[in-house]
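Readers should treat all values here as calculations from the given coordinates under stated rules, not as data from a laboratory. Worth saying up front: this structure is predicted, and the values here are computed from it rather than measured. For neighbour counting, all protein chains shown are included, and Cβ atoms are generated from backbone atoms with ideal geometry for every residue, glycine included.
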Amino acid sequence: MSIPCPRCGARLERVPRSNAERLIYRKVLSCGSCGYRTAVRRVPFESLTKFVFSPHTHCIQCGNARVRRMPRRDPIDRLSAHPISVLLGLTFAPLYHCNPCRLQYHDWRKVDPAYRPAPRPAQPVED
Ligand SMILES: [Zn+2]
Ligand SMILES: [Zn+2]
């Protein structure tokens, strides 16, 4: 997806962000021909909001709902240091694993049924 420059119509390119910009913006775009600059703001705590207000569990880092319940802690993948996960861990909440993040976190909620691994297709019932 390329966004045309509103000033001259050339293609806007992503440019590296400074440390301060990294905190505020998701990406910074710049026009190679006229120097126009624009930025896409981060939605603050976007995935955290999703995490907190969902009836089902989501990855605490990316908001992914396709997570897996872990029978025990995986020694290789990281465990979230997020205060909510740490607190829930102290209450012995179950452990979940997010594949894209390779992150484990604690949550009392269950996986959204829509994202549970599909059960084997049922045999057609004959009558
Ligand atoms: Zn331009
Ligand atoms: Zn994730």
Quiz item: Counting each DSSP H run of 4 or more residues in the chain as -39500 (n - 2.57), what helix-only mean residue ellipticity at 222 nm follows after dividing by all residues, to the nearest 500 deg cm²/dmol?
Solution: -4500 deg cm²/dmol
Quiz prompt | In nm, spacing of pseudo-spin labels at Arg26 and Arg7 (7 Å Cα→C-beta vector) | solution = 2.4 nm
Quiz item: D for the chain, whole µm²/s, Stokes-Einstein with Kirkwood Rh over alpha-carbon pairs at 10 °C and 1.306 mPa s: what number?
Solution: 89 µm²/s
Quiz prompt | Residue range of the chain that is longest and free of chymotrypsin sites (Phe, Trp or Tyr not before Pro) which are both DSSP loop and sparsely packed (at most 13 other C-beta within 10 Å) | solution = 46-91
Practice problem: Would you mind computing, in nm to one decimal, how far apart the modelled labels at Phe45 and His82 are, each placed 7 Å from Cα along Cα→Cβ? | Solution: 1.2 nm
Quiz item: Percentage of Cα-Cα pair distances in region 1-72 greater than 13 Å, rounded to whole percent?
Solution: 71 percent
Practice problem: Starting from the Cα of Arg17, step 7 Å along the direction of its Cβ; do the same at Met70; then give the gap between the two resulting points in nm. | Solution: 2.8 nm
Self-check item: For Leu103, distant residues with modelled amide H under 5 Å away
Solution: Cys98
Exercise. Using only the alpha carbons of region 46-115, determine the length spanned along each of the three principal axes and report them from longest to shortest in whole angstroms.
Key: 27, 21, 19
Quiz item: Measuring from a point 7 Å past the Cα of Asp112 along Cα-to-C-beta, which residues in region 39-70 have an amide N at less than 17 Å?
Solution: 46-69
Quiz item: Among bridges DSSP assigns within region 5-127, what percent are antiparallel (round to 5)?
Solution: 85 percent
